[in-house]
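Here is the structure we will look at, set down as structure tokens.
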């Protein structure tokens, strides 16, 4: 769907403070970095506290990234929290060919209408919250969303994310690590294009 | 190449890791292992004293870490330690920097080679935690060297380089290592770190002159001085600043041999044959370079100069780089209400020296106050104004909501 | 002089050397001279802006036989913190001599008022240093303005005795007790008439590991409007009237070092100084303020002796 | 001042050298002069310990030798604290015929004057 070899990819994350959008963008950057690419990950900063809507960004490129301004026209938009849909304005600045990944229990075209997405846009839905509740016993939608992203980034495999978790999350117990791996895999498998 | 150098070459690319501007500066501090750090937290530089406290708590450094009760005491303790002969580092931002203001000229006059991570943030009111240069610019005449970094890699390299520059016997001047708050300090990106051994070897040990702690050869610092001596003392101090560009060149060369990265006082991008040049500092440079490439593709000869060293200001270099240009735009991230904004004032006065070779129109733009972004379209508009030559005589404001449509 | 053999001290060089430019008969250099008589180890001195700092460092001369640093007015506590920390850190690298003692001094301006935050921070952090306040109860370096240490009714250039207002209206803050409230190992208060007491207290302060604070009442002939030669007499009056209790707080325990057998009225102490002359021009008129001064002294003494034991 | 150093010769960091003020003749400030009557002096050292200007000269063993007129500012404390009246105060005008040393000189090296006493 998107391929870094065809130019710089810009990602925008819509989440809530404390929910992990910032860490998710950081993990995506790390995985891309490990794949030998030039990356940036940066959130928006303000006085917001836990729960407030926040945005985070990524840039991924095969060439050195010079610009450090905010992302205006993302190629990929990730909606981390389904309840944000209305307020977050996820289509802001997006081209018609933008790709959306939405954490939502719905897997029908309703998602498009709810978010007001154009027909030309590719939209993937995954119930990341349910997956992590089942696998980790808590609402940490990052792992499934990253797994699903492996289907959006045609040049990154789900194993890259799994390997990264195994490497970086050494502090986690084997049990939690396995649960996270399953959550990543399920995100990849259960994401549906709507 | 000496054998020591050979060793450095082998392990120099030991680590390439994801990090941020703050973490890169903190990591440099760990590797430099200063004798004393005194710091007080303030956004957005807080991560630096936090991370360093972790190093101390885990025994990764030998540093005496003084958790002072204010920024004023932080810089004061740094001066006391530095005058004692210690290698000293600290960090701060915005109002913290302003609270330290009184002590900066004292540190410079004491020739206390403190290396200071200044994470640029707007100076209230109103309160705003994001980036502009209104905190460091008021300190430009405090007698400190000011280096403005573009990204986390440069922050790391500059921290290492600054230790040797500040402590060099011909310089003996404290240094602000400036980076843009959040944009650089909190952006997560790859940085190449030297090995601990390589850093240890590169920075060496401080050889203090007249250390306060030499009880067998006692000297007094901070005298009361009448007009009979004051002038000579200040002129003597200024000489250290005057030597900084030369010494920086030498030390940058040493660092470049280890890293392959060059840091001249000016970063000139496609300026040689350029008709129109934008002059800027710090993190917003990349956008200007991108736009310059875009315009070049359309046959417009655009170029970009990033001023890395603001104090001492490389006047000769910039006047040489800009003479003969059809138009120059200076983009300042701080204003000087009632006067010419800081960078524009320096560029204009530098060009005055070469005005006999032909007048170069210089236009003043103010952007990014309180962290407002500078986008490619903003920069394109600047170059359009330059080409049209209608930038007005006063400052134009970029990205400002304005009933009159902005500018003048 | 009980407990201290001054004769033994005469052979030694004092860290405060001759040739300083303090006024004739100023109590400040005497206080520091006597203080240093109690210190045997090598010492590094940090001074806050003030008369003593200025007058001992008039370029290109210095009256400091030992290393000395002055940074600014409000930060002697932070400055000495940095020096002590540097000594620790570089000591670990085998640099410089062991056993250096660190002494910071300030007048009441640099200590009670503008420098209080910096001092409090340094005391709380527990650096190993001794802070000496030479307290002449006003801003002398700038010309006899009132400070937080200026006593009630004293006339100063910013609390002048006028037809409407009879000098300073507020009591002096009790900085010795503020320092003690930091629970530091040693706090003491003394003055100049009994050098052996001053020398002993500073020696104890310096030898006690951790922070120590010594508050020394020091007459300023110009501000107090006294004959310089009467300095020692005035200090004795301050102690005998209990206007300035001589005591120490060692590890939280208060000990009165000197209890006057028969306390003299504070009026005698006030009458001896020109800064209180407006209380005596028309006694009947300002009797109330003299009584107020006595009441202030009695209340303070009551509070102090309430939680202090007489010296055993 | 011709003997004052040029900027190139100034020591860095605003520093001055330890005890250099020992070459400053503060005795020039004096309008009255303390006179020691060695016959009466019992060397109790009250004057020595209370002198703000360290001008009471003693020898090893702590016997008062005299008063250093190069530094003494004539405050009179020594006379006031003397228990046996061994020190009297006289106006400087009585000593006009005497010419003391005058002016200060810069010490030439670190610590030069530190040891002197």
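Restricting to the stretch D:46-79, what's the tally of residues that are free of Cβ contacts under 8 Å to residues at least 12 places away in the same chain and either surrounded by 21 or more Cβ atoms within 10 Å (Cβ to Cβ) or assigned to a loop (DSSP other than H, G, I, E, B) (or both)?
Matching residues across the stretch D:46-79 total 3.
Quick one: residue B:361 ticks every box in (1) touching a helix residue (DSSP H, G or I) at 6+ places or on another chain (Cβ under 7 Å); (2) within 16 Å of residue B:383 (Cα to Cα); (3) surrounded by fewer than 19 Cβ atoms within 10 Å (Cβ to Cβ) bar one, so which box is it?
(1)
Being part of a strand (DSSP E or B) and at the interface with another protein chain (Cβ under 8 Å from one of its Cβ atoms) narrows it down to one of C:103, C:80, C:44, so name that one.
Exactly one of C:103, C:80, C:44 is part of a strand (DSSP E or B) and at the interface with another protein chain (Cβ under 8 Å from one of its Cβ atoms), namely C:44.
Tally up the residues in the stretch C:106-130 that are within 14 Å of chain B (Cβ to nearest Cβ), under 19 Å from residue C:86 (Cα atoms) and in contact with a helix residue (DSSP H, G or I) (Cβ under 7 Å, 6 or more places away or on another chain), please.
Going through the stretch C:106-130 one residue at a time, the tally reaches 9.
Against the definition (closer than 12 Å to residue A:193 by Cα and in contact with a helix residue (DSSP H, G or I) (Cβ under 7 Å, 6 or more places away or on another chain)), how does residue A:102 come out, yes or no?
The answer is yes for residue A:102.
Conditions: (1) more than 8 Å from chain B (Cβ to nearest Cβ); (2) modelled with pLDDT of 95 or more; (3) surrounded by fewer than 24 Cβ atoms within 10 Å (Cβ to Cβ). Residue C:11 meets all but one. Number of the miss?
(2)
Could you list, in sequence order, all residues of the stretch D:56-79 that are farther than 20 Å from residue D:95 by Cβ, in contact with a strand residue (DSSP E or B) (Cβ under 7 Å, 6 or more places away or on another chain) and more than 7 Å from chain C (Cβ to nearest Cβ)?
The answer is D:59, D:64.
Quick one: count up the residues across the stretch C:59-75 that are closer than 18 Å to residue C:113 by Cα, outside any strand (DSSP E or B) and at the interface with chain B (Cβ under 7 Å from one of its Cβ atoms).
3
Of (1) surrounded by fewer than 20 Cβ atoms within 10 Å (Cβ to Cβ); (2) more than 21 Å from residue A:4 (Cα to Cα); (3) touching a helix residue (DSSP H, G or I) at 6+ places or on another chain (Cβ under 7 Å), residue A:183 satisfies all except one. Which?
(1)
Please list, ordered by residue number, the strands (runs of 3 or more DSSP E) wholly in the stretch C:164-251 having 1 or more residues that are at pLDDT 95 or above and closer than 17 Å to residue C:106 by Cβ.
Ranges flagged: C:186-191, C:212-217.
To keep it simple, each residue is scored yes or no on (1) crowded, with 17+ Cβ neighbours inside 10 Å; (2) touching a residue at least 60 places away in the same chain (Cβ under 8 Å); (3) touching a strand residue (DSSP E or B) at 6+ places or on another chain (Cβ under 6 Å).
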| position | (1), (2), (3) |
| --- | --- |
| A:77 | yes, yes, yes |
| A:80 | yes, yes, yes |
| A:85 | yes, no, no |
| A:95 | no, no, no |
| A:100 | yes, no, yes |
| A:104 | yes, no, yes |
| A:115 | yes, no, no |
| A:120 | no, no, no |
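Count, please, the residues in the stretch D:35-50 that happen to be touching a helix residue (DSSP H, G or I) at 6+ places or on another chain (Cβ under 6 Å) and at the interface with chain C (Cβ under 10 Å from one of its Cβ atoms).
So in the stretch D:35-50, the residues touching a helix residue (DSSP H, G or I) at 6+ places or on another chain (Cβ under 6 Å) come out as D:45-47, D:49-50.
Within this subset, residues satisfying the condition of being at the interface with chain C (Cβ under 10 Å from one of its Cβ atoms) are D:45-46, D:49-50.
Adding up the residues that qualify gives 4.
Scan the stretch D:16-29 and give yes if some residue there is surrounded by fewer than 19 Cβ atoms within 10 Å (Cβ to Cβ) and over 30 Å from residue B:110 (Cα atoms), otherwise no.
yes
Quick one: which residue in B:365, B:313 is away from chain A (no Cβ under 14 Å) and either at pLDDT below 95 or farther than 16 Å from residue B:288 by Cβ (or both)?
Only one candidate qualifies: B:313.
Among the residues of the stretch C:120-137, are any assigned to a loop (DSSP other than H, G, I, E, B), surrounded by 24 or more Cβ atoms within 10 Å (Cβ to Cβ), at positive phi and touching a residue at least 40 places away in the same chain (Cβ under 8 Å)?
Yes.
Could you list, in sequence order, all residues of the stretch B:360-408 that are in a loop (DSSP other than H, G, I, E, B) and free of Cβ contacts under 8 Å to residues at least 24 places away in the same chain? Give the derivation first.
Narrowing the stretch B:360-408 to residues in a loop (DSSP other than H, G, I, E, B): B:360-361, B:367-368, B:372-375, B:389-395, B:398-408.
Once the filter is applied, which keeps residues that are in a loop (DSSP other than H, G, I, E, B) and free of Cβ contacts under 8 Å to residues at least 24 places away in the same chain, the stretch B:360-408 yields B:390, B:393, B:400, B:401, B:402, B:403, B:404, B:405, B:406, B:407, B:408.
Answer yes or no: is there a residue in the stretch B:220-235 that is away from chain D (no Cβ under 14 Å) and surrounded by 15 or more Cβ atoms within 10 Å (Cβ to Cβ).
Within the stretch B:220-235, the first condition is being away from chain D (no Cβ under 14 Å), and the residues that meet it are none.
No, there is no match, as no residue in the stretch B:220-235 is away from chain D (no Cβ under 14 Å) and surrounded by 15 or more Cβ atoms within 10 Å (Cβ to Cβ).
Can you pull out the residues in the stretch B:31-41 that are outside any strand (DSSP E or B) and either touching a residue at least 60 places away in the same chain (Cβ under 8 Å) or within 14 Å of chain C (Cβ to nearest Cβ) (or both)?
B:31, B:32, B:33, B:34, B:35, B:40 - these are the residues of the stretch B:31-41 that are outside any strand (DSSP E or B) and either touching a residue at least 60 places away in the same chain (Cβ under 8 Å) or within 14 Å of chain C (Cβ to nearest Cβ) (or both).
Do we find that residue D:53 is modelled with pLDDT under 95 and within 9 Å of chain C (Cβ to nearest Cβ) in this structure?
So residue D:53 fails the test.
Which numbered condition in (1) at pLDDT 95 or above; (2) farther than 30 Å from residue D:10 by Cα is the only one that residue B:262 fails?
(1)
Yes or no, residue by residue, for (1) within 14 Å of chain D (Cβ to nearest Cβ); (2) surrounded by 20 or more Cβ atoms within 10 Å (Cβ to Cβ):
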position: C:219; (1), (2): yes, yes
position: C:222; (1), (2): yes, no
position: C:234; (1), (2): yes, yes
position: C:238; (1), (2): no, yes
position: C:243; (1), (2): no, yes
position: C:252; (1), (2): no, no
position: C:281; (1), (2): no, no
position: C:297; (1), (2): no, yes
position: C:305; (1), (2): no, no
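Can you find, within the stretch D:80-101, the residue that is nearest to the other protein chains (Cβ to nearest Cβ) among those that are buried (at least 20 other Cβ atoms within 10 Å of the Cβ) and touching a residue at least 12 places away in the same chain (Cβ under 8 Å)?
Step one: filter the stretch D:80-101 for residues buried (at least 20 other Cβ atoms within 10 Å of the Cβ), giving D:80-82, D:86-87.
If we keep only those that are touching a residue at least 12 places away in the same chain (Cβ under 8 Å) too, we end up with D:81-82, D:86-87.
Working: D:81: 5, D:82: 11, D:86: 15, D:87: 11 Å.
The qualifying residue nearest to the other protein chains (Cβ to nearest Cβ) is D:81.
Restricting attention to the stretch D:16-26, does a residue exist that is touching a helix residue (DSSP H, G or I) at 6+ places or on another chain (Cβ under 9 Å) and either at the interface with chain C (Cβ under 8 Å from one of its Cβ atoms) or within 30 Å of residue B:238 (Cα to Cα) (or both)?
Yes.
The values are calculated or read from the model by the stated rules, or taken from the named source; none is laboratory data. Being a predicted model, the structure only gives us computed values, none of them experimental. Glycine gets a Cβ as well: all are built from the backbone with ideal geometry, and neighbour counts include every protein chain shown.
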